[in-house]
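To start, the structure under review is shown below, and the notes come after it.
The values are calculated or read from the model by the stated rules, or taken from the named source; none is laboratory data. These figures come from a predicted structure and were not determined experimentally. Note that we place each Cβ from the backbone using ideal geometry, even for glycine, and neighbour counts take in every protein chain shown.
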Amino acid sequence: MSGCGDAVAKAKSAPASPASTAGTAGAETRLAETPVAIAAATRATVVGALERPASLRRFFESVARLEAGQAQEDVRIVQFGDSHTAADIETAVIRRALQGRFGDGGRGFVAIGKPWKGYLQEGVRCGMSTEWASERGKLAKGKFSGDGLYGLAGIGVETRQQGARAWTDITARTARTEVAYLEQPNGGSFDVFVDGVRVVRIATRGERTTSAFRTFDVSEANAHQLEVRAAGDGDVRVYGVSLDRAQPGIVFDALGINGARVTTCLQWNEQHWAEQLKHRAPAMVVLAYGTNESTDEGMPSQTYERQLVDLLGRVARAVPTASCLLLGPPDRAVQSDSKWMTSSKLLEIIASQRRVADAAGCAFYNQLEAMGGEGTVAGWAAEDPPRAQKDRVHLTREGYAQLGSSFASDVMRAYAGWRRDSGLAATTAPRVVDPVGAQAPEPRGSVPQPDTTE
């Protein structure tokens, strides 16, 4: 292992020409000028279940530079969502497919410690001692309480107890780690251990409250354990760790929270979350909500659309050059006259997402359509083996794998179409920088359980 970085390390620079979010205007550096007529025709097309694929143009430009060997930085995708995302099963399939095609830039952002009991992510196993507590705010009697300073993923772990330990066992191939934490006036110190060896003590006390980061290089050939241990001299709040590889490639962060809605993100401190998102510098931001909102039968469509617009506005202000994609919820069935039918409220949510995506200049991916349309999840739950769980909301590993494969395939087909429309030569073979590294292990543990606010 080599030395550590500065107390507040700079993020990797954003791609030279990332994509637009929510219709944000501004100067654009183009990889290739696209004739207006071609752009208009492409914008009207649908690739599989992917609508408005031309909205991902800047993301595609970043991928094209990566594929051509011209990229100096990773092409990052950040997905925020509910339990479907938190499970990191569907997202793991997408991650492996895109990394196998365009190169593996690393596992991405994961927790340190265990922010909730069932926290599971591909390529890592997390744990912590009982002195740590999850910090993500609380919702009681319809009111939210908390400071909103919860890091990139909207959740961290906090302690002030001396000797409190939180760790992440890393099996994903990693050459560089970056710990994200909160610097604050009453901040304490914590020690960082890599593979049982103390590397540095980090002081989190500062004149103001702000996001902070510290980087460490590790040997990519080995698995590692990264541990933080509180010194007991003040409050310590740690958000997670980013896991990178040496060469540029695709990085896909799965940042889901069980029970989350669009309003979950709106409770976070916007300035703080913007710091985190800017530092991450994504080429594309995916918002994957809707399942939990589909249980809110009394919520008018206009209210939900306003919430979604507000969240897209936050994303646009934080990373105005990132592409945006709304990922529609998978099928959800409700029982009516002893029959299982697709929730009518779910259909309303999907229609709202499509309208907002169109108005905001975002792509939209219709997972209901990708599954096979209305009534699919009830049929999947009745199969042997099933592709959906008995709650007819969450999927099994097989179901999520199918959806992830469909999404990755449609995005790559849309990228091929964009290359054609842009006058770029077609690519005929996958660019796999490291076939061994691209074959990440399957996520451990069970498939997600019904959403709850823990």
Step by step: first the residues of segment 33-57, then only those that are basic (Lys, Arg) and modelled with pLDDT of 95 or more, then the one that is nearest to residue 251 (Cα to Cα). Which residue is that?
57
When you look at residue 297, is it among the acidic types (Asp, Glu), more than 14 Å from the chain's Cα centre (by Cα), in the same structural domain as residue 78 (by TED's automatic domain parsing) and not in a helix (DSSP H, G or I), yes or no?
yes
How about segment 357-376: which of its residues are closer than 23 Å to residue 408 by Cβ and charged (D, E, K, R)?
369
For segment 383-395, give me each residue that is surrounded by fewer than 20 Cβ atoms within 10 Å (Cβ to Cβ) and not basic (Lys, Arg).
383, 384, 385, 386, 389, 391
Subset of segment 327-366 [part of a strand (DSSP E or B), out of contact with any Lys or Arg (no Cβ under 8 Å at 6 or more places or on another chain) and within 21 Å of residue 52 (Cα to Cα)]:
327, 365
Given the options 85, 174, 168, 159, name the one that is in contact with a Phe, Trp or Tyr (Cβ under 7 Å, 6 or more places away or on another chain), of a type in the set (S, T, N, Q) and touching a residue at least 60 places away in the same chain (Cβ under 8 Å).
159
Give me a count of the residues in segment 83-130 that are part of a helix (DSSP H, G or I) and more than 23 Å from residue 276 (Cα to Cα).
10
Hey, does segment 79-96 have a residue that's within 16 Å of residue 248 (Cβ to Cβ), at pLDDT 95 or above and within 14 Å of the chain's Cα centre (by Cα)?
yes
Restricting to strands (runs of 3 or more DSSP E) lying wholly in segment 180-285: which have 2 or more residues that are at pLDDT 95 or above and crowded, with 24+ Cβ neighbours inside 10 Å?
224-230, 236-244, 250-256
Scanning segment 49-82 for residues that are in contact (Cβ under 8 Å) with a residue 40 or more places away in the chain and assigned to a loop (DSSP other than H, G, I, E, B), which turns out farthest from residue 330 (Cα to Cα)?
72
Test: residue in segment 130-153 that is buried (at least 17 other Cβ atoms within 10 Å of the Cβ), touching a Leu at 6+ places or on another chain (Cβ under 9 Å), among the basic types (Lys, Arg) and under 26 Å from residue 261 (Cα atoms):
no
Filter segment 388-419 for residues that are among the β-branched types (Val, Ile, Thr) and closer than 17 Å to residue 58 by Cα and give the result.
411
